[in-house]
Amino acid sequence: MPRKPKRPCSQPGCPELTHKRFCVAHAKEEARRYERYQRDPATRKRYGRAWRKIRDRFIKANPLCEECKRKGKLTAAQEVHHILPLSRGGTHDESNLMSVCTPCHSSISAREGDRWG
């Protein structure tokens, strides 16, 4: 399937073309800015270094998307989803986690109203 044509980076004045919102040089800068100024401090506290270690260990043990597996597709997992969100009393326990690909994680979050209200 052909890809969409590249578009200019969203950073003002940057001439680089990219398939994403920002070019490689500005993506890290934008992520750092979001973490520092826009992300909720309580969320930042919940997803620190300990979470990254748990996440990496879980992805290594469960490399395929569980949602896609149910549909009969084999897709590499990029994210770990909390079945019961931390904001509703969930934990980082393995029984509360599932490995999913980015599109499945977005659709689950949108369906449950976790991220977008």
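What follows draws every value from the coordinates through simple rules; no lab data is involved. Computed from a prediction, not measured in an experiment: that's the story for all the values here. Note: ideal-geometry Cβ built from the backbone for every residue, glycine included; neighbour counts use all protein chains shown.
Between ILE59 and ARG88, full extension at 0.36 nm per residue minus the direct alpha carbon distance yields a gain of 8.1 nm.
Across the options TYR37, TYR47, LEU97, the greatest Cα extent toward the positive end of the charge dipole of the chain (unit charges at beta carbon of Lys, Arg, Asp, Glu) belongs to TYR37. Our helix-only sum for the chain, with -39,500 (n - 2.57) per DSSP H run of n ≥ 4 divided by its residues, gives a mean residue ellipticity at 222 nm of -11000 deg cm²/dmol. The angle between the Cα long axis of helix 102-112 and the longest principal axis of the Cα atoms of the chain comes to about 60 degrees, rounded to the nearest 10.
Can you check what the net charge comes to around GLU67, using other residues whose Cβ is under 14 Å from the Cβ of GLU67 (Lys, Arg +1; Asp, Glu -1)?
Summing Lys and Arg as +1 and Asp and Glu as -1 gives +2.
Size of the chain: Rg and Dmax of its alpha carbons, in Å, are 16.6, 47.
Net charge near ARG32, counting Lys/Arg +1 and Asp/Glu -1 over other residues with Cβ under 15 Å of its Cβ?
Within the 15 Å Cβ shell, the charges total +3.
Here is the link list: LYS45/LYS71; LYS4/LYS69; LYS20/LYS73; LYS28/LYS60; LYS28/LYS53. Which ones come out longer than 32 Å on Cα distance? Those over the limit are LYS45/LYS71.
For region 21-31, backbone phi angles converted through the Karplus equation (6.51, -1.76, 1.60; θ = phi - 60°) give residue-by-residue couplings of 6, 10, 6, 4, 5, 9, 5, 5, 4, 5, 5 Hz, Gly and Pro being listed as x.
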